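Down below is the structure, laid out as C-alpha cells.
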Amino acid sequence: MSIYLDCNATSPIEPEVVEKLTQYLTIDFGNEGSHTHEFGSTAKKAVQEARDNIVSLVDASRNEIIFTSGATESNNIAILGLKEFGIKNNKKHIITSTIEHKAVLEPIEELKKLGFEVDVLPVDKSGRVNPKDIQKKLKEETLLVSIMHVNNETGIIQPIEEICKVIENNDCFFHVDGAQGFGKEIDTLKNKRIDLISISGHKIYGPKGIGALITRLRNYNKPPLQPLFFGGGQESKLRPGTLPVHLIAGLGVAAKVAKRDLKKRQTKNKVIFDKIMDLIKNLKGELNGDTKHLLGNCINFSIPGVDAEAFMLMTKELISISNGSACTSSTYEPSHVIKSMTNNEDKIRGALRFSWCHLTDNKIPVEEIEKKLQNILY
C-alpha cells in the first residue's frame, strides 16, 4: 500500500477528533442557536469550549474568532471584507507576495479590478519574503499586508515576526494565512500585531469543511470587516448560517491535541525528515528553499532531468505525493511558488512536494522506498 506523503494537501484525522465528531453527530446533535432546551445548551457549550481551545494557540479570546468553512473562506472574508473600509478611508493599497495561496492572490486581484493598488513582492531562492521589501512599499494609504505563515508547497516559514516590527508604526491591517503553520509552530501567531489569522481544520488533523478567522481586537475594536453574504446573526453577523457543531467541536479537539502533543509530533516529524533528506541526497535531488527555515514536515525538491508528473506516475504504488497545491492541481500548470523562486525550467517542471505528519504510516520504511525508486530511475 502506498505511503501517504501529502499531508499539506489534507491531513489524516486524529482519533480523538473522530470520537468528538461522532458524539456531536449522533448523540448531542442540537442546534447551537436553540436556547429553549438542553440539546441547544449542550451544543452551545461545545462551541464555546472549541473557541477557547482554538484561540489558546494564538493568545486570543473567544470573542475574537469567527468560524468559517475553511481557510479559503477565511482569507476571502479577511481581504474582501475590508473593501468598504478601504474605499471610505482612502486606504486602497495592498501588499502581498508571489508565493501566497490562490485563496489570497485571487481575492486581492478582485480588489485590484476595483481600483486598489497592489504590490506583489517577489521572493529569492530561499523561498522567503524580505521584510525590507515590505518596508519600502509601506505607505499611509496601505490598507492591508497579507503574508502567509508557512508556505504550503515548500514548507518554508516566513519572517512574520520581522514583518510585525516593520509595520508596528503603521495602522495597516496585517493578515496571515496560517493554514499550514497553525498548531505546528505556535509562538509566532501569538504576536498581537497580527490582526487577522486564517486557519483550516483539515490541515491540523481535524475535519474538512471547517476553519476559522481570528479577528484580533485593536484598542478594543475588531477589524472593520463587512460580511460577504447575509442571512442571520451568527458569528457576530459576519458569517451567517447554522453552526456545524460537530465540525467545530472536532476542530476544537484538534487544536487542543496540537498544543498538548506539539513536542511529541515534532520528534516524530524529525525522524521522517532525516530519512527523506537521505532519500533526496541519494536521488541527487536539489532542494527548493532554504532548509534552515523549514517547518519540518514538508520538503520540496527537484531531481535533475526528471519531470515531476513522470516521477509521480512511476512511484504512485510506493508513495502518495504531489507537485504543488492540491487546490490548483487540476490545471496542470507549473507551480507559481517555485516559479517565483527560480528561473530554472528543469527545477520548476521537476518540483516535488513530500509532506508528512505524526500519523504518517511507517509500515514501509523510507529506506525501502529509496531502494525501489533507485531501481526505477537508474
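Check I108, I94, I99 and return the single one that is closer than 26 Å to S200 by Cα, in a helix (DSSP H, G or I), outside the structural domain of S302 (by TED's automatic domain parsing) and of a type outside the set (D, E). Only one candidate qualifies: I108. Criterion first (crowded, with 17+ Cβ neighbours inside 10 Å and either more than 19 Å from K190 (Cα to Cα) or assigned by TED's automatic domain parsing to the domain that holds C7 (or both)) does I147 satisfy it? No: the conditions fail for I147. State all residues of the range 276-308 that are buried (at least 16 other Cβ atoms within 10 Å of the Cβ), touching an Asp or Glu at 6+ places or on another chain (Cβ under 7 Å) and part of a helix (DSSP H, G or I); if no residue qualifies, say none. L279, the sole residue that qualifies. Scanning the range 102-129 for residues that are among the small types (G, A, S) and in contact with a helix residue (DSSP H, G or I) (Cβ under 8 Å, 6 or more places away or on another chain) turns up A103, S126, G127.
Take the conditions (1) outside any helix (DSSP H, G or I); (2) within 21 Å of the chain's Cα centre (by Cα); A78 misses just one of them, which is (1).
For the range 193-223, a residue qualifies if it is among the polar types (S, T, N, Q), surrounded by fewer than 22 Cβ atoms within 10 Å (Cβ to Cβ) and on the phi < 0 side of the Ramachandran plot, and exactly one does: N221. Scanning the range 193-219 for residues that are free of Cβ contacts under 8 Å to residues at least 60 places away in the same chain and either basic (K, R) or assigned by TED's automatic domain parsing to the domain that holds K270 (or both) returns R193, R218. A351: surrounded by 15 or more Cβ atoms within 10 Å (Cβ to Cβ), outside the structural domain of G206 (by TED's automatic domain parsing), at negative phi and modelled with pLDDT of 75 or more, yes or no? Here the answer is yes, as A351 does meet what is asked. Checked against the criteria, E100 counts as among the acidic types (D, E) and closer than 28 Å to F273 by Cα.
Quick grid of which residues meet (1) of a type in the set (S, T, N, Q); (2) at pLDDT below 90; (3) within 29 Å of K184 (Cα to Cα):
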residue	(1), (2), (3)
I321	no, no, yes
V337	no, no, yes
T342	yes, no, yes
N362	yes, yes, yes
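Contact map, the range 181-192: residues that are at negative phi and crowded, with 19+ Cβ neighbours inside 10 Å paired with residues that are modelled with pLDDT of 95 or more and of a type in the set (G, A, S), Cβ distance under 6 Å, separation 6+ or inter-chain. Pairs shown: L189/G178. Pairing each residue of the range 224-246 that is surrounded by 13 or more Cβ atoms within 10 Å (Cβ to Cβ) with any residue that is outside any loop (DSSP other than H, G, I, E, B) and among the charged types (D, E, K, R), provided the two are 6+ apart or on different chains, yields C-beta distances under 6 Å for Q226/E84. Among the residues of the range 49-66, those identified as over 15 Å from K222 (Cα atoms) and outside any helix (DSSP H, G or I) are S56, L57, V58, D59. Of all residues in the range 210-268, those satisfying the criterion of being of a type in the set (S, T, N, Q), out of contact with any Lys or Arg (no Cβ under 6 Å at 6 or more places or on another chain) and either outside any helix (DSSP H, G or I) or under 14 Å from V17 (Cα atoms) (or both) are N219, N221, Q226, Q234, T242.
The values are calculated or read from the model by the stated rules, or taken from the named source; none is laboratory data. Predicted, not measured: the structure shown is a model, and the values here were computed from it. No Cβ is skipped: glycine too gets one built from the backbone with ideal geometry, and neighbour counts run over all protein chains shown.
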